[in-house]
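See structure below.
Just so it is clear, none of the values below were taken in a lab; they were calculated from the coordinates. What you see is a predicted model; the values in this text were computed from it and never measured. Note that we place each Cβ from the backbone using ideal geometry, even for glycine, and neighbour counts take in every protein chain shown.
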Amino acid sequence: MTENELFENANRIEIREGKERTVKSYVLRNNVLSDKARRVIGAYMEKYGLFFRDEILDYRSVFGNDNPTVIEIGFGMGDTTAEIALRRPECNYIGIEVFLQGFVHLLEDLGERQIDNVRIMRFNAVDVLNHMIADSSVDGFHVFFPDPWQKKRHHKRRLMNPEFLHLLATKLKKGGYIYMVTDWEEYAEEVLELSENEPLLMNPFGGFAPPVTWRPVTKFEQKGMEKEHPINEIWLEKADIF
Ligand SMILES: C[S@@+](CC[C@H](N)C(=O)[O-])C[C@H]1O[C@@H](n2cnc3c(N)ncnc32)[C@H](O)[C@@H]1O
């Protein structure tokens, strides 16, 4: 790949662009590659980055092992992603995020600290799951503090909607999990309710889950706690119905 192709690819984040664009769970603000972004992408993309391709991803060829694969959606600045990968080195992690600054921040961190059990993609997660992730192949999904899209007229932008929950469930292996945390109580209640209507999922806790020991506080969690929002954890597992 030439340097220009590398930067062009790094800046393409969705399949349907412009007029074709559908309702999205994110808003892209600054999408210009700064000198720093170019330097970091040039240095580390080949080893720690993945590009969107309309082709099923082979985890073994990406990571060189058969360890369990966990996918994190919307990692923000990615400090939590890196920390979890260090705390649970027995898993491989694929982080997906469209936010340029966060992507570059985590890419640099992975490269500098050589955190080799993480790969990251800068693309719409819905497209990635639909085109690159095999059914029944994922051990876990992490969705930490997804944008709550607070206004009622924006609820249709919420990432965790019935279709997406079904998509996640389809991609999970038997016994695989979805771990979502949010500081937006009404969103949390909504996802619990949606999960009850998704036959591919079961809730081993019957309601909200207790926190796990290995998840550090995320950036958005910190902001939520400063506003005294309750932190609700949801842990769902693929139902054993086959
Ligand atoms: C509120 S932030 C939370 C970031 C981080 N998880 C944390 O807790 O600090 C939600 C992130 O999800 C990302 N996001 C939303 N929809 C996405 C999608 N369809 N694909 C990839 N990233 C998405 C946004 O760009 C944003 O950075």
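Data for the structure
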read-out: Proximal charge balance of Ile231 [Cβ under 13 Å; K/R count +1, D/E count -1]; value: -3
read-out: Total lysine pairs whose alpha carbons fall under 20 Å of each other in the chain (8 or more apart, or interchain); value: 11
read-out: Computed [θ] at 222 nm, deg cm²/dmol, the chain (DSSP H ≥ 4; -39,500 (n - 2.57); rounded to nearest 500); value: -10500 deg cm²/dmol
read-out: Translational D in µm²/s for the range 203-242 (Stokes-Einstein at 10 °C, 1.306 mPa s, Kirkwood Rh from C-alpha pairs); value: 131 µm²/s
read-out: Projected label distance in nm at Thr2 and Asp240, using a 7 Å step from Cα toward the beta-carbon; value: 5.6 nm
read-out: Nonlocal amide H pairs with Ile120, under 5 Å, H built at 1.01 Å; value: Gly49, Leu50, Gly95
read-out: Whole-number percent relative contact order across the range 46-196, with pairs defined as alpha carbons under 8 Å at least 6 apart; value: 25 percent
read-out: Ser136 long-range amide H proximity, modeled H, under 5 Å; value: Lys171, Leu172
read-out: For the chain: Kirkwood Rh in Å [reciprocal of mean 1/r, alpha carbons]; value: 18.4 Å
read-out: Gyration tensor verdict on the range 7-144 (Cα atoms; rounded if a/c is under 1.5, prolate if a/b is larger than b/c, oblate otherwise); value: oblate
read-out: The range 73-138: GluC sites (Glu not before Pro) falling in loop per DSSP and having at most 14 other Cβ within 10 Å; value: Glu90
read-out: Order of Glu193, Glu72 under a 10 Å beta carbon neighbour criterion, fewest first; value: Glu193, Glu72
read-out: Candidates Asn92, Asn124, Asn67, ranked by Gaussian network fluctuation over the chain, Cα under 10 Å, top entry; value: Asn67
